[in-house]
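Let me begin by presenting the structure, written as structure tokens, before commenting on it.
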Amino acid sequence: MSPPRRARILLLAACLTLALLPAGLPAAASKADVDLVGEQLVCYCGCSGLTVKACTCGTADAIREKIAGQLDSGLSTADTVAIWVDERGEQILAVPTREGFNLVGWFMPFVVTLLGLLMATVVVLRWQKQATEAAATPRGTGTEDPDSAYLKRVEQGMKNLHR
Amino acid sequence: MAEIGFYLLYIGLGVAALSVASSLMGVFTHSPSLIRVGERGSLALLAIVTLTMILLARLFLMDDFAVQYVAEHSSRSTPTLYKFTALWGGQSGSLLLWVWIQSIYTAAVVLTNRRKNRDLMPYANAVLSGITAFFLVTLCFASNPFLRLAAVPLDGAGLNPLLQNPMMAIHPPTLYVGYIGFSVPFAFAMAALASGRTGDTWIRTSRRWTLFTWFVLGTGILLGSWWAYLELGWGGYWAWDPVENASLMPWLTGTAYLHSVMIQERRRMLKVWNMVLIAASFALSILGTFITRSGVISSVHSFAQSSVGYYFLFFLVVIVFSSIAMILYRLPELSARNRVESILSKESAFLFNNVLLLGITFAVLWGTLFPILSEWVRGTKITVTLTWFNHFNVPLGLALLLLMGIGPLLAWRKTSTVLLLRSFRWPVLITVAGSAALVILGVRDVMAAMSYTFCLFVLACTAIEVLHGAAARRRLHGEGLISSLVHLVGNNKRRYGGYIVHVGIVMIFLGITGSSAFQQETTATVKPGESFQLGPYTLTYQEVIFQRTARAESYTSRVDVARHGTPVATLHPAREIFPSFRNQPATEVDIYHALSEDLYVVLLTTTDAGGATFKVYLNPLISWIWLGGVVLLLGGFITMLPDVRERRFAYQASLELKRVAT
């Protein structure tokens, strides 16, 4: 089913449901519900990438009004969001759904960072082991390399500098 | 006049190319005179580009709408200040600004290295002039600001109203100075690799340039956040817009570099890593420029889509591959002599700090590019916003915050168990007491509680470290507390300036946590004289005044604000409509600032009957972000100041080198 057709059917179903409902239902959508939908949708005004709830532009005003109308017609917040997705595509959602390829998007930075931390830990622990083994090995009595003697002096200087 | 500017760009390109060729030929033929020609070319380039900038500014001030760029970004009613800032309000002008700043950097590097680093300078100058030449190519062949229109309009389109803000006069140039500044350490890194002088000289030479760049880019990011807070009217300051992200990424890798470079200086380790970090910082600056100018990612900051993006993509590929090739070529010479000796050491803490900083950078980059990746893979466009970025960056940021407390108390090489217990005893006790207080005070948001706890831990660790230093001075020199603190910072500006930066970061974390976890908001439609409430504040709407000027139509409201019944302020949130941008009304928010919270009032709409709809946010602790930013920059500034001891040591080291050589 094409998205516009599905949207039309959903809207028609919503209107029919509303017409058949008994009197006494709330006449106006609560602000909390409008906000609930608004924070799941991104404003398409193109000026800031903010959610409909946060954006203060005229486009966001119009979207919020339309959402209120949809909620007034008896649609649930989830149905309202679904209608917007059908109309505008997945890009209207403020965050991608947690399914399929999107899961790669949701978890990749954690995976990369944890791998980085793991690698750093393994490398440091290996170096630590090497350093411990080197310290345990008796040193040779040969004359010291002049280059390393110079390095020692420079390091001593650095120590003094940061003392 | 436009024609002169048009041809000056081509002359500049010729001079830049000459400077590159002359510098490199000078090296290969061992000709100091050719090297000097290259350096003088860089100075001449600055003069040429400066003249070009003056010409373009003059065209704006003269309202010369025969020039397409002027007609598209200015109008007769544009105030003089904004006529001047309109110079960088569009694609071509901002590229020209980039070239100008790049040529200033290049000339400054040439002038400050006339008698030193002579082995590195020809390569460094060639790289810097090469970068300038690339930008001049884009100006000459893809986006020339001096192109003329066939039919001259009577008036120009005017500057985008969002850009008509004093902050916009300084925010873009500041960011550019930051972005472009990374070209200097990058040039010295490439020079070190090309010349084979892969020791610490390039690091010592470029350290202050990197600090300056980091400082200015940080200032630019803060100014941008402040501008977004004041101007965009959504109550926040950072929306993870692709271009905001583009400025943050090089700053993060630059921060990682400034930490890891200390390990190279102290222990001669991480040479490859430092090369990678500085190349990544510069490449990310160019990536940011590509994002802004290619139109591949939609952003509030984007320029119109043009072929310039492809130029930048090509340049980015050249930077990445040439850096990798150079590093691989010198890999044997970059191997470290030393190793990290213990996981409980400062080196190890710096290493983990680097991984976390790069993890955050990756998360930001991933979020910026994932919509494109998704479209390629699934053919479906998706959007990622604040929630998505916070999902990654809140836990990673908290881990980094915790490490910021631990790192300074660890010793170089190895921290013994005794020292570890002694160092962390008080910070841990203070933090546990603070956490208990948070629970008693009713903080139930887990992330907020963790953030405040870690902030307290970092402050306790930093305070104890500083007080130990001050106590040692008091014992040795008999100084008072204030005097010992001043001398402590003065004698080791780098170390204690760094701690001040840490305190600034903690203040920023406090502000971010308060304003995001405990923000309150309300929307109210009221008639004159009616009141509404948000938290302890009562807002009474009085009136709205309509004004029409040549520049804009404005609706300015008057709202009296009382806190717990006591009047504290009268606010004037407004809405402006610019003739050329009627479908894009600009909000002019008004804010009641207090140290504990901001009351942020936005005028959404007005009715014919004199009523108005307001959106009001209560942002706890948000001022701490800006105060923290100032403290961070102060710390950064202190680390940049000349250090007498450091200079003395460098002098002694050079004498030692001479002695060894003879």
Here are B:Thr462, B:Thr431: which of them is hydroxyl-bearing (Ser, Thr, Tyr) and under 28 Å from the mean Cα position of the chain (by Cα)? B:Thr462
Going through region B:471-523 one residue at a time, which ones are touching a strand residue (DSSP E or B) at 6+ places or on another chain (Cβ under 8 Å) and surrounded by fewer than 20 Cβ atoms within 10 Å (Cβ to Cβ)? B:Phe518, B:Gln519, B:Gln520, B:Glu521, B:Thr522, B:Thr523
Could you run through region A:66-104 and say how many residues are part of a loop (DSSP other than H, G, I, E, B) and closer than 9 Å to A:Gln40 by Cβ? 2
Taking region A:32-46 as the search range and keeping residues that are more than 9 Å from chain B (Cβ to nearest Cβ) and aliphatic (A, V, I, L, M), which one is surrounded by the most Cβ atoms within 10 Å (Cβ to Cβ)? A:Val37
What's the number of the only condition in (1) within 9 Å of another protein chain (Cβ to nearest Cβ); (2) part of a helix (DSSP H, G or I); (3) not basic (Lys, Arg) that B:Trp412 fails to meet? (2)
With the condition kept exactly as written, say whether any residue in region B:294-317 is in a helix (DSSP H, G or I), under 23 Å from A:Val42 (Cα atoms) and modelled with pLDDT under 95. yes
What helices (runs of 4 or more DSSP H), lying completely within region B:436-528, carry at least 1 residues that are farther than 30 Å from A:Asp61 by Cα, touching a Leu at 6+ places or on another chain (Cβ under 7 Å) and of a type outside the set (Gly, Ala, Ser)? B:446-477, B:493-517
Does region B:85-100 include one or more residues that are aliphatic (A, V, I, L, M) and over 23 Å from the mean Cα position of the chain (by Cα)? no
Restricted to region A:48-65 and to residues being assigned to a loop (DSSP other than H, G, I, E, B) and within 7 Å of another protein chain (Cβ to nearest Cβ), the residue modelled with the lowest pLDDT is A:Ser48
Would you confirm whether any residue within region B:188-206 is closer than 18 Å to B:Phe637 by Cα and crowded, with 24+ Cβ neighbours inside 10 Å? yes
Given B:Ala169, B:Ala151, B:Ala228, which one is at pLDDT below 95, assigned by TED's automatic domain parsing to the domain that holds B:Tyr82 and within 30 Å of B:Arg58 (Cα to Cα)? B:Ala151
Of (1) under 25 Å from B:Val15 (Cα atoms); (2) in a loop (DSSP other than H, G, I, E, B); (3) at pLDDT below 90, B:Arg76 fails just (1)
I'm trying to understand the selection: among the residues of region B:361-399, which are more than 7 Å from chain A (Cβ to nearest Cβ), aliphatic (A, V, I, L, M) and either within 30 Å of A:Lys129 (Cβ to Cβ) or not in a helix (DSSP H, G or I) (or both)? B:Ala399
Suppose we keep only residues that are among the aliphatic types (A, V, I, L, M) and within 25 Å of the chain's Cα centre (by Cα) within region B:248-269. Which one would you say is farthest from B:Gly218 (Cα to Cα)? B:Ile263
Strands (runs of 3 or more DSSP E) wholly inside region B:579-655 containing at least 1 residues that are small (Gly, Ala, Ser) and either in contact with a helix residue (DSSP H, G or I) (Cβ under 8 Å, 6 or more places away or on another chain) or at pLDDT 95 or above (or both): B:581-588
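The values are calculated or read from the model by the stated rules, or taken from the named source; none is laboratory data. If you're wondering where the values come from, they're calculated on a predicted model, not measured in any experiment. Glycine gets a Cβ as well: all are built from the backbone with ideal geometry, and neighbour counts include every protein chain shown.
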